[in-house]
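Undergrad: Okay, here's the structure, questions in a sec.
The values are calculated or read from the model by the stated rules, or taken from the named source; none is laboratory data. Quick caveat: nothing in here was measured; it's all calculated off a predicted structure. Note that each Cβ is placed from the backbone with ideal geometry, even for glycine, and that neighbours are counted across all protein chains shown. We work out accessible area using only protein heavy atoms, side chains counted, and drop any ligands, DNA or RNA first. Shrake-Rupley method; radii C 1.70, N 1.55, O 1.52, S 1.80 Å.
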Amino acid sequence: MSLRDVVRRATPRGLRPRKPTSPCTAQRFSPQWQRWSSISQRPGSDHVHFPGAVNSKFTTTLDYERPSEKPAMPTYRYMDQDGAIVDKNREPIDISDEEAIKMYKDMLTVSIMDLIMFDAQRQGRLSFYMVSAGEEGIAVGSAAALNPSDVIFAQYRETGVFQQRGFSLDEFMSQLFANCKDYGQGRNMPVHYGSRKHNIHTISSPLATQIPHAAGAAYALKLQAAQNPNEEPRIVACYFGEGAASEGDFHAALNIAATRNCPVVFICRNNGYAISTPTLEQYRGDGIASRGVGYGIETIRVDGNDIFAVHEVTKEARRRALDGGGKPILIEAMSYRVSHHSTSDDSFAYRAKVEVEDWKRRDNPITRLRKHLESKGAWNEDKEKEARSSIRKDVLAAFNRAEKEKRPALRNMMEGVYAELTEEQEAQIRQLRDIIERYPDEYDVSEFEGGLDGLGVK
Amino acid sequence: MPSPPRPFLRALLGRTTPTLTNNNRIRPYSTAPSNARLNVPLDFATTPLLCHTPKQALSHPDLPSTLRSTSKTSRLNLFQAVNAALSHALSTDERVLLFGEDVAFGGVFRCSMNLSSQFGSDRVFNTPLSEQGIVGFAIGAAAEGMRPVAEIQFADYVYPAFDQLVNEAAKMRFRSGVWADGKEGLTSMACGGLVVRMPSGGVGHGALYHSQSPESLFTHVPGLRVVMPRSPLQAKGLLLAAIECPDPVIFMEPKILYRAAVEHVPNDAYTIPLSAAEILKPGSDVTVVSYGTPLYTCSAAISAAEKDLDISCELIDLRTVYPWDRKTVLDSIKKTGRAVVVHESMVNAGVGAEVAATIQEGAFLRLEAPVQRVAGWSTHVGLMYEKFNLPDVARVYDAIKKTVEY
């Protein structure tokens, strides 16, 4: 089955594009959808002409739509679990071995860094960590299909997106150790990365809040592209989990993105668990994908352990998102959360260890790509060993550099709330300095850049 | 959602990477100043705020006298005391329901451990991940006669439910008029019995989204009762009172105390009245008013100040921060003439502002010094800065000193 067949055509057929009124911008900017020219009922019509459902036929059969009787949306894949191409007749995917090896090494880097940082958290060297095990393929594969100028909003299990975009090991480590080189200035919990240089907005812990941002940001990019014809059209990619999709923000975001024709690709990582809550207690519909259809959004479901399939659907989603003036696309990438939710979680309290081991053994995006590359002769055991050892060395070197750095200056506690410190905050900083000076034994400021002077007041 | 590390898990899963241990210097992410006298880790094993013996627990004045003579006690931490209260409510009142994210397996802080298996998944269950859904659902169930206890996983995540709490829960009694109270056998149309529980406050490494203490956002809303217990014994009695209460209650549980605070708690059920403050320690020179975790900070600061300055301090736990016990506080200030108000959340428009304004209105002529507020600064809780941001023993000590030396 081709990718094109799998994409649900969710645009209601009754919606007709209106002819552009202003030829200079409308062509590029927006095909306006017009619902209905008049809400009056035409005599003898076999269609509903209420404004809320313009193309619905009348029926005399009393029947309810039963979701349970509909087939589940199919899951697109390119490789099987052994890394073999499923459809031998199809054209091979347009990714060179070199590119594939880069994707492989990106996944490997995330996976090696995860193990090291998980242990470092257990040693009390950082307060918190979240690993991506089992989901590296979704992050790396999708990010590799975007343009570097595309804007990304992520949740917190997309380390692979940062890695793919060139966020360096030093940048990761500085954030994780909250040192003076951390872009977040020591304010955020570990793994809450962010970088304008890489066009990835800073992670915030509350779930789903970034999804409406993505719609709004996509609208901004669309307007900017229309206002400046020299600007290359860009999209927004937005990541979230299937649990977050229960939040009101998810629904608000998809609906507004659809109505405003926003060039945004929503990428749901469906990993089966929201902390302890399995998907059966999260929703009863056909995954998250079925909701996209409900909002009139073109949607596809993909095997998240198949990095090539993830790459291919994201690339096509990007093309569609910019097509005809812009529209949202929903990708539901299926995977299994091999890891605990975070270092604060022991998932064996709510799922069997054997279930996790099964998944680890049976299927995993890293081993699948490795098998594929090995079968093509592009990878082997020696290369694997060498790659693992050099990545590990690089991670540990960055780790050691970052851990030695000072903490950011103390004034970062107060700065950044407003563009300028308020008069009240300045008074509070003076109060704090006064307390620390009068009770010097009660505070240790030596770890912070500039010590007490880092507060910035005399 | 990320949640702060739990010490027991750290012990449980203490794997190490050999390369990491070979490192010559391990820098822990958090340290205490080595020569500190005041800002030392709180000693929950000796604090006078916890009942270290059955006798102390059973002599608590809020307990009914029958219970005092017959009940046994158990040493419980705060999450176990919450669990005990929920278990009692579920077993004695079939209207009681318990739900929220990850509640079924025991909750991320273990407050609902074993309750789903004991009382069935019809009454104790997981919800989809939607705070507005959880609270709205709870309001509806309460409005049709149930007593739902809804859990928000962290107070930091209550905001999607803000509309439901402010515009619905708080106003339901008012707008339903004569139908507000069940009469002539009809079900009440208010949402009494609704309790929204949420872990709140700092733990040292929670940063922006696992540290917040948003009580003052709710104390600004007439119609909501806002409660914050300081200890296991208090939590059990206040939670049972909240579930019985005819008004909706926001019940904020200081999450650092879930494991840290352990005390003897009566095994029998009891309630502790809402909107009643408690004088934890009588004194004559200065009144320290607080609630929740900072009470332990205050207690440590008071010990040091009394020793150093030869003064006597009164310590008051508000327990319910709205509607609050103005009389107990004003009577105390009229006696001492000096007040220090302490809370964790930021000082601007916080509970301390309301308490301080009430004191100057109600006891102006008795005041010997301006009311001092010690609270979080007007900023967010940045990961590395928490110990400089939230009130510590030195700041409370200094405020007491300044007030008596004014």
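Undergrad: Consider only pairs whose beta carbons are under 7 Å apart and that are at least six residues apart or on different chains; among these, list those whose first residue lies in the range B:204-226 and is within 14 Å of chain A (Cβ to nearest Cβ) and open to solvent by less than 30 Å² (accessible area, probe 1.4 Å) and whose second residue is among the aromatic types (Phe, Trp, Tyr) and assigned to a loop (DSSP other than H, G, I, E, B).
TA: Short answer, once both residue conditions are applied: B:His205/A:Phe128; B:His205/B:Tyr29; B:His210/B:Phe154.
Undergrad: Here's something else I'd like to know. I need the full set of residues from the range A:125-154 which are within 21 Å of B:Leu383 (Cβ to Cβ) and open to solvent by 10 Å² or more (accessible area, probe 1.4 Å), in order please.
TA: A:Val131
Undergrad: Report whether or not A:Cys268 is surrounded by 21 or more Cβ atoms within 10 Å (Cβ to Cβ), within 14 Å of chain B (Cβ to nearest Cβ) and not in a helix (DSSP H, G or I).
TA: It is true that A:Cys268 is surrounded by 21 or more Cβ atoms within 10 Å (Cβ to Cβ), within 14 Å of chain B (Cβ to nearest Cβ) and not in a helix (DSSP H, G or I).
Undergrad: Then there is this: Being charged (D, E, K, R) and over 18 Å from the mean Cα position of the chain (by Cα) is the filter; apply it to the range A:200-257 and report the residue that is farthest from A:Ile275 (Cα to Cα). Walk me through it before giving the result.
TA: Restricting attention to the range A:200-257, the residues satisfying the condition of being charged (D, E, K, R) are A:222, A:231-232, A:234, A:242, A:247, A:249.
Pick out the ones that are also over 18 Å from the mean Cα position of the chain (by Cα) and you get A:222, A:231-232.
Numbers: A:Lys222: 36, A:Glu231: 42, A:Glu232: 40 Å.
Checked the range A:200-257; the qualifying residue farthest from A:Ile275 (Cα to Cα) is A:Glu231.
Undergrad: Among the candidates B:Thr73, B:Thr46, B:Thr66, B:Thr53, single out the residue that is crowded, with 17+ Cβ neighbours inside 10 Å and farther than 18 Å from B:Pro229 by Cα. Spell out how you get there, then give the answer.
TA: Details: B:Thr46 fails: crowded, with 17+ Cβ neighbours inside 10 Å; B:Thr66 fails: crowded, with 17+ Cβ neighbours inside 10 Å; B:Thr53 fails: crowded, with 17+ Cβ neighbours inside 10 Å.
Result: B:Thr73 is the single residue among B:Thr73, B:Thr46, B:Thr66, B:Thr53 that is crowded, with 17+ Cβ neighbours inside 10 Å and farther than 18 Å from B:Pro229 by Cα.
Undergrad: Still on this structure: Looking only at the range B:181-194, which residues are touching a Pro at 6+ places or on another chain (Cβ under 9 Å) and at pLDDT below 90? Let's see the steps before the verdict.
TA: Residues of the range B:181-194 touching a Pro at 6+ places or on another chain (Cβ under 9 Å): B:181, B:188, B:190-194.
Within the range B:181-194, just B:Asp181 meets the criteria.
Undergrad: If you scan the range B:88-108, which residues turn out to be of a type outside the set (D, E, K, R), within 13 Å of chain A (Cβ to nearest Cβ) and either under 22 Å from B:Glu144 (Cα atoms) or crowded, with 22+ Cβ neighbours inside 10 Å (or both)?
TA: Once the filter is applied, which keeps residues that are of a type outside the set (D, E, K, R), within 13 Å of chain A (Cβ to nearest Cβ) and either under 22 Å from B:Glu144 (Cα atoms) or crowded, with 22+ Cβ neighbours inside 10 Å (or both), the range B:88-108 yields B:Phe99, B:Gly100, B:Val103, B:Ala104, B:Gly107, B:Val108.
Undergrad: When residues of the range A:281-307 are filtered for being more than 14 Å from chain B (Cβ to nearest Cβ), surrounded by fewer than 24 Cβ atoms within 10 Å (Cβ to Cβ) and outside any strand (DSSP E or B), how many remain? Break it down into steps so the answer makes sense when it comes.
TA: Looking only at the range A:281-307, we keep the residues that are more than 14 Å from chain B (Cβ to nearest Cβ), and these are A:286, A:289-290, A:292-307.
Filter once more, keeping what is surrounded by fewer than 24 Cβ atoms within 10 Å (Cβ to Cβ): A:286, A:290, A:293-298.
Keeping just the survivors that are outside any strand (DSSP E or B) gives A:286, A:290, A:293-297.
Count: 7.
Undergrad: Could you please find all residues in the range B:289-348 being out of contact with any Asp or Glu (no Cβ under 7 Å at 6 or more places or on another chain), closer than 29 Å to A:Met413 by Cβ and of a type in the set (Val, Ile, Thr)?
TA: Once the filter is applied, which keeps residues that are out of contact with any Asp or Glu (no Cβ under 7 Å at 6 or more places or on another chain), closer than 29 Å to A:Met413 by Cβ and of a type in the set (Val, Ile, Thr), the range B:289-348 yields B:Val289, B:Ile302, B:Val340, B:Val341, B:Val342, B:Val347.
Undergrad: Something else: Filter the range A:410-454 down to residues that are more than 9 Å from every other protein chain (Cβ to nearest Cβ) and within 16 Å of B:His380 (Cα to Cα), then give me how many there are.
TA: Selection size over the range A:410-454: 6.
Undergrad: If I go through the range A:161-189 residue by residue, how many of them are within 18 Å of A:Ile112 (Cβ to Cβ) and open to solvent by 40 Å² or more (accessible area, probe 1.4 Å)?
TA: So the answer is 4.
Undergrad: Consider the range B:151-187. How many of its residues are closer than 15 Å to B:Gly133 by Cβ, away from chain A (no Cβ under 12 Å) and in a loop (DSSP other than H, G, I, E, B)? Before the answer, list the steps.
TA: Our first condition is that a residue be closer than 15 Å to B:Gly133 by Cβ; within the range B:151-187, this holds for B:151-153, B:157-165, B:168-169.
In the following step, the residues that additionally are away from chain A (no Cβ under 12 Å) were identified as B:151, B:165, B:168-169.
This time we only want the ones that are in a loop (DSSP other than H, G, I, E, B), so: none.
Residues meeting the conditions: 0.
Undergrad: Does the range B:54-66 contain any residue that is facing chain A (nearest Cβ under 9 Å) and modelled with pLDDT of 85 or more?
TA: Checked the range B:54-66: no residue is facing chain A (nearest Cβ under 9 Å) and modelled with pLDDT of 85 or more.
Undergrad: Would you check which residues across the range B:109-127 are touching a strand residue (DSSP E or B) at 6+ places or on another chain (Cβ under 8 Å) and either within 14 Å of chain A (Cβ to nearest Cβ) or open to solvent by less than 10 Å² (accessible area, probe 1.4 Å) (or both) and list them?
TA: B:Phe109, B:Cys111, B:Ser112, B:Leu115, B:Ser116, B:Val124, B:Phe125, B:Asn126, B:Thr127
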